[in-house]
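The values are calculated or read from the model by the stated rules, or taken from the named source; none is laboratory data. Quantities reported herein were computed from a predicted structural model and do not represent experimental measurements. Every residue, glycine among them, receives a Cβ derived from its backbone with ideal geometry; neighbour counts consider all protein chains shown. Heavy atoms of the whole protein, side chains included, go into the accessibility calculation; ligands, DNA and RNA do not. Shrake-Rupley method; radii C 1.70, N 1.55, O 1.52, S 1.80 Å.
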Amino acid sequence: VISVLHGISFGLGMDISLAADIRLCAASTKFSVKEADIGLAADIGTLSRLPKAVASFSWVKDVCMTARIFGADEALRVGLVSEVLESKARAVERAVEIASLIGAKSPVAVQGTKEVLNYSRDHSVNE
């Protein structure tokens, strides 16, 4: 699953993108985790998935507790997205390129790789 983010990616936009395998965005994309601004702690994805999507737990707490808006460059720097493209159209085009490249591979190999990577994210090497 490849997610292309553009414009304003708050709330459900963040939730859905964090469930994707690969995230790309347009350079003008603005991101925010707004639960603290609207008085909610309940969550359907961002609070549980964001800490696993980026390397810095300090950064996760920063953006979640402050509800501040951040841009595409910061999202790339922390690993929230794997690429920033100059426009929405170019980001969609790049997503199709990546999907075509993946689609040309063995489905068994791709699915097996995805399953092992997902398992590894949530388990130790010994497990």
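Provide, for the chain, the number of lysine pairs with alpha carbons under 27 Å apart, each pair being eight or more places apart or on different chains.
Pairs that pass both the separation and distance tests number 13.
Report ³J(HN,Hα) in whole Hz for each residue of the stretch 90-100, in order, from the Karplus equation J = 6.51 cos²θ - 1.76 cosθ + 1.60 where θ = phi - 60°; Gly and Pro get x.
5, 5, 5, 4, 5, 4, 5, 4, 5, 4, 5
Of the peptides 113-121, 82-90, how do they stack up when ordered by the mean number of other Cβ atoms within 10 Å, highest first?
Working: 113-121: 10.9, 82-90: 15.4.
With the highest mean Cβ count within 10 Å placed first, the list reads 82-90, 113-121.
Averaged per residue, what accessible surface does the chain expose to a 1.4 Å probe, in Å²? Before the final figure, lay out the partial values.
Values: 7530 Å² over 127 residues.
Here the residues of the chain average 59 Å² of exposed surface.
Quick one: among Gly13, Gly79, Gly112, which has the greatest mean-square fluctuation in a GNM of the chain with alpha-carbon springs under 10 angstrom?
Gly112
Please compute the modelled spin-label separation between Arg121 and Phe57, points set 7 Å along Cα→Cβ, answer in nm with one decimal.
Spacing of the two 7 Å Cα→Cβ label points: 1.7 nm.
For the chain, compute Rg over Rh where Rg is the Cα radius of gyration and Rh is the Kirkwood radius from the inverse mean 1/r over Cα pairs.
Details: Rg = 15.3 Å, Rh = 15.5 Å.
Checking Rg against Rh, the ratio lands at 0.99.
Arrange the peptides 3-11, 51-59 so that the one whose residues have, on average, the most other Cβ atoms within 10 Å appears first. Intermediate values should be presented prior to the final figure.
On the way: 3-11: 18.9, 51-59: 13.3.
Output ranking for 3-11, 51-59: 3-11, 51-59.
Return, ordered by residue number, the residues of the stretch 13-33 whose backbone nitrogen is under 14 Å from a label point located 7 Å along Cα→Cβ of Ser82.
Only 18-25 pass the distance filter.
Compare the Cα positions of Gly103, Leu40, Thr113 along the charge dipole of the chain (+1 at Cβ of Lys, Arg; -1 at Cβ of Asp, Glu; about the Cα centre) and return the one farthest towards the positive end.
Gly103
Quick check: the distance between the Cα centres of the stretch 7-23 and the stretch 67-127, to the nearest angstrom?
Value for the Cα centre distance between the two parts: 12 Å.
At a 1.4 Å probe, what is the % contribution of carbon and sulfur to the accessible area of the chain? All intermediate terms of the calculation are to be shown ahead of the outcome.
Details: 4520 of 7530 Å².
Using a 1.4 Å probe with all protein chains present, the chain comes out at 60 percent carbon and sulfur.
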